[in-house]
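Peer 1: Next up is a structure, given as structure tokens.
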Amino acid sequence: MNLTLKVWRQKNKKDSGRIATYQLTGISPDMSFLEMFDVLNEQLINEGQEPVAFDHDCREGICGMCSMYINGRPHGPKGAVTTCQLHMRSFNDGDTIVVEPWRAKAFPVIKDLVVDRSAFDRIQSAGGYISVNTGNAQDANSIPIPKDRADEAFEAAACIGCGACVAACKNASAMLFVSAKVSQLSLLPQGQPERKLRVERMVAQMDEEGFGSCTNTGACAAECPKEISLEHIARLNREYLGAKLTSERV
């Protein structure tokens with residue numbers, strides 16, 4: 001495959017950035033998108049140019065590091081697929097592909113396609129954990145949990161924190177991410193003791209990080225590579241309202 005790549009290049013946070021155009025030839029349709037970028041970087045290095053900086057780690061769709069905005073969509077044209085699991089056979093010979101970083105005030109660009117997503121870490125640190133003593137690990141059958149609640153908690157736990165929900169949202173809202181992390185624990189018995197405090201702290205931290213408001217367009221769920229449902233946002237709203245009505249922090 002022969003491709004024209006238009007890639008966002010930005011030296012650092014202060015640089016205004018620009019789109020650079022590169023020509024690639026002989027790309028295998030069986031390459032992953034990141035392997036195609038490896039070929040581009042090898043070509044740039046051989047030409048004495050600086051390679052494109054981009055995030056990646058496991059390359060198995062688990063870690064959520066590969067954040068690329070491809071042809072106007074987070075993680076590219078395929079649904080429920082991360083950039084590292086996207087293959088070049090999803091494109092056509094002769095295509096022009098535009099690649100940009102996540103765009104959000106709370107995700108500032110560090111360099112080229114690498115953005116700072118530590119805001120998610122701070123939200124998680126604000127309350128997305130269980131600190132009470134829940135005892136030793138128990139046999140799974142000793143804590144009865146209805147099947148539907150266990151399935152919902154498992155779905156929420158599938159969130160890899162890649163930030164595609166923020167990148168897809170016109171308001172750069174992080175509600176889908178936060179709702180998945182709140183749901184994951186609020187649905188299970190171990191998460192009950194800190195349930196109210198958790199949602200208050202995580203929403204407060206989300207607001208402090210500068211993420212936008214949710215206006216229920218659903219773009220976040222449509223572009224989520226793990227298909228996290230909007231139902232978790234509804235649960236987050238219920239959890240937050242219930243916590244604020246009985247909060248001891250008011």
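Peer 1: Please report how far the C-alpha centroid of region 37-73 lies from that of region 100-173, rounded to the nearest whole angstrom.
Peer 2: 23 Å
Peer 1: Hey, quick one: spin label on Q23, modelled 7 Å out along Cα-Cβ, who in region 82-110 has an amide N within reach, i.e. under 18 Å?
Peer 2: 93-98
Peer 1: Ok, one more. Can you list the GluC sites (Glu not before Pro) in region 21-85 that are in a DSSP coil and have 11 or fewer other beta carbons within 10 angstrom?
Peer 2: E47, E60
Peer 1: Could I get the Rg over Rh figure for region 1-100? Both from C-alpha atoms, Rh via Kirkwood, rounded to two places.
Peer 2: Values: Rg = 13.1 Å, Rh = 13.9 Å.
Radius of gyration over Kirkwood radius for region 1-100 works out to 0.94.
Peer 1: Sort 98-110, 188-200 for me by packing, meaning the mean count of neighbouring Cβ atoms within 10 Å per residue, highest on top.
Peer 2: By packing density, highest mean first, the sequence is 98-110, 188-200.
Peer 1: Next question. With only alpha-carbon pairs counted, each pair once and no self-pairs, how large is the Kirkwood hydrodynamic radius of region 154-250 in angstroms?
Peer 2: Averaging 1/r across every pair of different Cα atoms and inverting gives 13.4 Å.
Peer 1: Continuing with this model, one more query. Sorted by average packing, counted as other Cβ atoms within 10 angstrom per residue and highest first, what order do 26-32, 62-68, 146-152 take?
Peer 2: The peptides rank, most packed first, as 62-68, 26-32, 146-152.
Peer 1: What spacing in nm lies between the two simple spin-label points modelled at A80 and Q190, each 7 Å away from Cα in the Cβ direction?
Peer 2: 2.7 nm
Peer 1: Further, regarding this structure: Within region 1-21, what residues put their amide N at less than 18 Å from the label point 7 Å along the Cα-to-Cβ vector of V98?
Peer 2: 3-10, 17-21
Peer 1: In region 1-104, what percentage of the DSSP-assigned beta bridges are antiparallel, given to the nearest 5?
Peer 2: Bridges in region 1-104 are about 75 percent antiparallel.
Peer 1: Kindly report, to the nearest 10 Å², the accessible surface of R122 as traced by a 1.4 Å probe over protein heavy atoms only.
Peer 2: Answer for R122: close to 100 Å² accessible.
Peer 1: Just for the chain, what percent of DSSP beta bridges are antiparallel, to the closest 5?
Peer 2: 75 percent
Peer 1: Please work out which option in (i) 20.5; (ii) 18.3; (iii) 19.6 gives Kirkwood radius over Cα pairs in Å calculated from these coordinates, and answer with its label.
Peer 2: Recomputing Kirkwood radius over Cα pairs in Å here gives the entry labelled (iii).
Peer 1: Taking the Cα atoms of region 53-188, report the difference between the largest and smallest coordinate on each principal axis, in whole Å and largest first.
Peer 2: That works out to 58, 31, 26 Å along the principal axes.
Peer 1: Another question, if that's okay. Provide Rg and Dmax in Å for region 128-195, with only Cα atoms included in the calculation.
Peer 2: 14.2, 45
Peer 1: Based on the Cβ-Cβ distance from E50 to I143, what FRET efficiency comes out when R0 is 45 Å, to the nearest 0.05? Don't skip to the end; give the middle numbers.
Peer 2: Working: r = 54 Å, r/R0 = 1.19.
Given R0 = 45 Å and the Cβ-Cβ separation, E is 0.25.
Peer 1: Can you tell me how much longer the chain between D15 and V132 gets when fully stretched, taken as 0.36 nm per residue apart minus their C-alpha distance, in nm with one decimal? Can you show the working numbers first?
Peer 2: Numbers: separation 117, 0.36 × 117 = 42.12 nm, distance 4.53 nm.
Here the segment from D15 to V132 would lengthen by 37.6 nm.
Peer 1: I would also like to ask the following. Pulled fully out, how much extra length does the chain show between K6 and S118, if you take 0.36 nm times their separation in residues and subtract their Cα-Cα distance?
Peer 2: Extra length from K6 to S118 when fully extended: 37.6 nm.
The values are calculated or read from the model by the stated rules, or taken from the named source; none is laboratory data. As the structure is a computational prediction, the values presented were derived from the model and not from experiment. With ideal geometry, Cβ positions are generated from the backbone for all residues, glycine too; neighbour counts draw on all protein chains shown. For the accessible areas, the whole protein counts, side chains as well, though only heavy atoms, and no ligand, DNA or RNA atoms are used. Shrake-Rupley method; radii C 1.70, N 1.55, O 1.52, S 1.80 Å.
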